Every structure is written in structure tokens, then in C-alpha cells.
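The values are calculated or read from the model by the stated rules, or taken from the named source; none is laboratory data. It should be emphasised that the depicted structure is a prediction, and the values quoted were computed from it without experimental measurement. In this analysis, Cβ positions are derived from the backbone assuming ideal geometry, glycine residues included, and neighbour counts consider all displayed protein chains. The accessibility values were calculated without ligands, DNA or RNA, using every heavy atom of the protein model including side chains. Shrake-Rupley method; radii C 1.70, N 1.55, O 1.52, S 1.80 Å.
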Amino acid sequence: MKDSKSSKRLIALSLLLTAMLVFAAACGNNKNDAAAPSNSEEPASNGAKQQVSVVTSFYPLYFLASEIGGEHVKAANLVAAGVEPHDWTPKSRDLDTASKAQLFLYHGAGLEGWVDGFLKGLSKDSTVITKEISDGIALIEGTEDEHEDEHADDHEHADEHADEEAHDHDHGGLDPHTWVSPKSALKLAENVKNSLIEVDSANQADYEKNYEALKLKIEAIDADYTAKLSQTTNKDIVTSHQAFGYLARDYGLKQISIMGLSPDAEPRAQDLLNIAKYVKANGVKYIFFEELVSDQLAKTLASEADVETMVLNPLEGLTPAQEKEGETYLTLMERNLQNLVQALQ
């Protein structure tokens, strides 16, 4: 009888111990489950705080912001690869993207004809800081080409519809293409650096360090341009559109453009004939064209003048192929120098 009672007690005690162990394990699992979301969310929150959201109006500014910002910056560029910035206009989603950013960088000097309306259209509760990055660069006037001056009277009677279309990409008389020159690129980089520091002073040391590293690279390219272009015998560059004025000014070249400040402009047949005569008279060997716009006019002129064509990149953006191949603002700038030296020898 005693053995039976003892056996029952042992069984009861065993069941009690089992129940206690199961309860303890359940409590332990509940504690772990409660802690897991907190642990998993914390790194993401920290990561978000460490990155500054920067939106840029076109590729050169995106490149500079990414290089100088490094790991502290999440940059987004409005103009997609392969799109000519002169042809681009913002959509509502672009306003939304910029409104949510901490910093919006645009070039200014008339490049983004849409920017005034764009800034007014930003969300009312947006705290984004906007910066004009060409500030401080000595700007040059966009002038009519010499071959057009002789026929200025013909342009006075252009129809109003043509004037309205041209206004869409009007640069206000200023040449906005500062970024094509390494000398101007140095100032653009400095302005980007200062803008990043203004919105994120905690990481100023890193921004300064990254800027100095980039500055050395651009200064080396600038020195290369100065040395090699000073040794060329010819100084005339015939280009698709008037995008290389700062390059010409900074390195002692003379730009003769087929079109004006906008690549959309259409020259007259007489203008092309006048440039062809200039090319023949001055020993120009190459007509430069751009990758993001049609090369038809450049080829037509080259055929008329019996010369070759070659790419001179306005550095406004990358083609999808260049993006895939890892090309950058600086590598394209170096390739421009190679082509210029070959053409002007």
C-alpha cells in the first residue's frame, strides 16, 4: 500500500516539475519575442539618422554630393541616365522626392529654367534646404556666334510661336555650363561641401576629408588641361552647341558653335555654310558632337567641310552604357582632354 502511495506521489511530483519547466520555458520565449523587435529596429533607426537625404538637379551635382558625402549621404538625382537635362521637366513625383529631402542642390545660372516654379511647389511642411551651387563662379554671357551676327536682322522677324518654344529652355542670357571646366568644378565641389556641412555639422570632419581628396583629383585634371592645351597649335573648337564657353575661357580656346546655348536650336543653312568656310580657312580638323543629342548637324557640317567628327562631352549626364561601365564625371573630363589634344594638334 505504501509503495502504491509513494509511487503516486512521485508521479504527481514529476508532473508538477514538468509543468514548471514548460511554464519557465514559455516565459523565457515570451521575453525573447518581446525584445526581438526592439533589437532589430535599432540599427535601422541609427542608420537612417546617419544619412542625409540629398536630391540633385543633374548628374555633376549628384557625383559631387556622393563623393563628398560618402557614407553619410543618400543622394538621388532627378534626371535619369541618358536624358538631356535641357529637355527635362519635373513631374509631381520629383516635387514629392525633393520635399522629403533634407537638402536640394541645383546648379542655377539659368540651367534649370523650371527651378523657381519647382521650389514654390514644394510641400508646405517641407524642411528641405535649397542651395544654388554655381554661386561664386564668375559667369559669362551667352553670345550669338560670329556667323550669326551677320544675319541678325533675319532673326528680328521670327514668329512669336518660335519665341515661345525657345523660352522653355531660355538661360536668361547667361551661359550656365560652368561644370565643363575643371576650374569651375573646384568651386562647385566647395559649395557642395559647405552645403552638406550646413545640414549635418556633426560629420563636418568627414566632409572636409572627402572634399580634400576630391579637390586633389580635380586640381590634377586642371593642371593637365593647362599644360596640354597650352601646347596645341590650333585653339579653335567647333561644337554642336554653345556648352564649352567656360572651358574655352579657362584654357585659352575659341568656341565656334553650330547651335546656341540650347541644343534644341536649329541653325540655318547659311549658318552651316559660314562655319564650313571658317573650318576650311582655319585648319580645323574635327567637328565635335555630343552623345545625348543628335549628331546629324555635326556630321552634315563635317561632310561639307571635309573633316572628321569626334565626341566632346558636355558632362551633363551619363548614358546607360557609361553608367554600366563605371564612368564618372572625372573620367569623362579626362577623355574630353584626350579628344581636345588630338583635335587641336
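I'd like the full set of residues that are modelled with pLDDT of 95 or more and of a type in the set (D, E, K, R), limited to the stretch 281-293.
285
Of all residues in the stretch 249-268 being open to solvent by 70 Å² or more (accessible area, probe 1.4 Å) and free of Cβ contacts under 8 Å to residues at least 60 places away in the same chain, which is nearest to residue 341 (Cα to Cα)?
The extreme case among them is 254.
Please find, among 251, 278, 246, 286, the residue that is of a type outside the set (A, V, I, L, M, F, W, C) and more than 22 Å from residue 226 (Cβ to Cβ). Spell out the reasoning first.
On the way: 251 fails: more than 22 Å from residue 226 (Cβ to Cβ); 246 fails: more than 22 Å from residue 226 (Cβ to Cβ); 286 fails: more than 22 Å from residue 226 (Cβ to Cβ).
When all the criteria are applied, what remains is 278.
Would you confirm, using the coordinates I've provided, whether residue 218 is buried (at least 19 other Cβ atoms within 10 Å of the Cβ), modelled with pLDDT of 95 or more and either assigned to a helix (DSSP H, G or I) or acidic (Asp, Glu) (or both)? Please lay out each step first, then the result.
Values: buried (at least 19 other Cβ atoms within 10 Å of the Cβ): yes; modelled with pLDDT of 95 or more: yes; either assigned to a helix (DSSP H, G or I) or acidic (Asp, Glu) (or both): yes.
Yes, satisfied.
How many of the residues in the stretch 191-207 are surrounded by fewer than 22 Cβ atoms within 10 Å (Cβ to Cβ), touching a helix residue (DSSP H, G or I) at 6+ places or on another chain (Cβ under 7 Å) and in a helix (DSSP H, G or I)?
4
State which residue is surrounded by the fewest Cβ atoms within 10 Å (Cβ to Cβ) when the search covers only the stretch 74-94 and only residues that are modelled with pLDDT of 95 or more and part of a loop (DSSP other than H, G, I, E, B). Before you say what the answer is, go through the steps one by one.
Within the stretch 74-94, the first condition is being modelled with pLDDT of 95 or more, and the residues that meet it are 74-78, 90-94.
Applying the additional criterion that residues be part of a loop (DSSP other than H, G, I, E, B) yields 78, 90-91.
Working: 78: 24, 90: 18, 91: 10.
The qualifying residue surrounded by the fewest Cβ atoms within 10 Å (Cβ to Cβ) is 91.
Within the stretch 95-112, track down each residue that is closer than 13 Å to residue 59 by Cβ and open to solvent by less than 10 Å² (accessible area, probe 1.4 Å).
105, 107, listed by residue number.
Provide a single number: the residues in the stretch 80-108 that are in contact (Cβ under 8 Å) with a residue 60 or more places away in the chain, under 28 Å from residue 209 (Cα atoms) and aliphatic (A, V, I, L, M).
Adding up the residues that qualify gives 2.
Can we say residue 132 is open to solvent by 60 Å² or more (accessible area, probe 1.4 Å) and modelled with pLDDT under 95? Break it down into steps so the answer makes sense when it comes.
Working: open to solvent by 60 Å² or more (accessible area, probe 1.4 Å): yes; modelled with pLDDT under 95: no.
Here the answer is no, as residue 132 does not meet what is asked.
Can you list the helices (runs of 4 or more DSSP H) found entirely within the stretch 229-345 that contain at least 2 residues being of a type in the set (D, E, K, R) and closer than 26 Å to residue 219 by Cβ? Let's see the steps before the verdict.
Working: elements: 245-251, 269-281, 296-305, 320-324, 329-344.
By residue number, 245-251, 329-344.
For residue 327, are the conditions met, namely being without any contact (Cβ under 8 Å) to a residue 40 or more places away in the chain and within 21 Å of residue 56 (Cβ to Cβ)? I'd like the intermediate steps shown before the answer.
Values: without any contact (Cβ under 8 Å) to a residue 40 or more places away in the chain: yes; within 21 Å of residue 56 (Cβ to Cβ): yes.
Criteria met by residue 327.
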